[in-house]
Amino acid sequence: MSVKKGEISALVGPSGSGKSTVLRALVGLTPITGGNIEIAGQTIDYRSARSVRAARDTMAIVFQQYNLFQNMTVMGNVTFAPIKIKRRPVAEVEAQAKKLLDLVGLGDKHGAYPDQLSGGQQQRVAIARALALEPKILLLDEVTSALDPELVTEVLDTIRRLAGEGMTMILVSHEMAFVREVANQVVFMDRGEIIESGTPREIFDNPKTDRAQDFFSKILRH
Ligand SMILES: Nc1ncnc2c1ncn2[C@@H]1O[C@H](COP(=O)(O)OP(=O)(O)OP(=O)(O)O)[C@@H](O)[C@H]1O
Ligand SMILES: [Mg+2]
């Protein structure tokens, strides 16, 4: 699989097919036992803590369960890692956080605590928090799956906006209509393997393999 700068690659496939594993392997959360990963021509050496750290610095991952710090405001959540871990200047980080919160449509929620926000709003804070780390690649693992249907749209709008800004993304999603609309590349996985990949049209309308045909005929029917 290869991901182009500024493009959205979507991983789709049955439960347990390994979609999350790909994202977790990328950031070093799941050990890799074979093959290799290159970012911008550099092979990541997952045995070297330094190499993994450098790779991690280029990526940020957002999960289905947004896991905000409940005891911190929205602003605190977004600025915590850049200030405390990256040791960047507070004023600069806060100015950037304001811009990011505007970008995700939460410009008026700086002072709110997570439990005062809807699930969709919390997920958008989680996306802003990931973006505050200035990743070159954003990894999104089913970020709308835990949300009520009416809150899904606002999160998808945020992803659309990021796509418009040229953010490189790898997206795991069950929102097939959305994937069809925004993805440049769709990668179909089954039982731990990439079965086929191509444009949304190629994969959804004209899957070549039986396994992809079978999967899409089941999920696109309802
Ligand atoms: N290529 C692989 N090598 C080793 N283990 C794998 C591989 N693919 C999947 N697994 C294992 O299979 C299990 C399920 O994989 P994973 O969580 O990545 O699936 P998923 O596609 O994200 O499923 P879901 O849609 O339910 O989230 C995990 O325990 C994972 O470690
Ligand atoms: Mg998963």
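The numbers here are math on the coordinates, done by the rules we state, and not lab data. Because the structure is a prediction, the values reported are computed rather than measured. Neighbour counts are summed over all protein chains in view; Cβ atoms, including those assigned to glycine, are modelled from backbone coordinates with ideal geometry.
Annotations
- Loop-exposed trypsin sites (Lys or Arg not before Pro) per DSSP, neighbour cap 10 Cβ within 10 angstrom, longest uninterrupted part of the chain: 88-220
- Candidates Ile44, Ile127, Ile137: whichever shows maximal mean-square fluctuation once the chain is modelled as a Gaussian network with Cα springs under 10 Å: Ile44
- Spatially close lysines, pair count over the chain: Cα under 25 Å, gap of eight or more or interchain: 23
- Cα gyration tensor, segment 149-188 - rounded (a/c under 1.5), prolate or oblate: oblate
- Here's the picture: charge each Lys and Arg Cβ at +1 and each Asp and Glu Cβ at -1 in segment 68-134, and of Ser118, Ile83, Leu103 the one pushed furthest to the positive end of that dipole is Ile83.
- The alpha carbons of the chain give a radius of gyration and a Dmax of 17.8, 55 Å, in that order.
- Percentage relative contact order, the chain, counting C-alpha pairs under 8 Å, at least six apart: 30 percent
- Charged-residue dipole, Cβ positions (Lys, Arg, Asp, Glu), segment 68-134 about Cα centre, Debye nearest 20: 220 debye
- Annotation: amide H-H contacts under 5 Å for Ile61 (H modelled 1.01 Å from N, sequence separation of 5 or more, or interchain): Leu139.
- Shape category assigned to segment 1-57 from the gyration tensor of Cα positions, a/c cut at 1.5: oblate
- What you get for segment 1-118, charging only the Cβ of Lys and Arg (+1) and of Asp and Glu (-1), is a dipole of about 340 debye around the Cα centre.
- Placing +1 on each Lys and Arg Cβ and -1 on each Asp and Glu Cβ, with no other charges, gives the chain a dipole about its Cα centre of roughly 740 debye.
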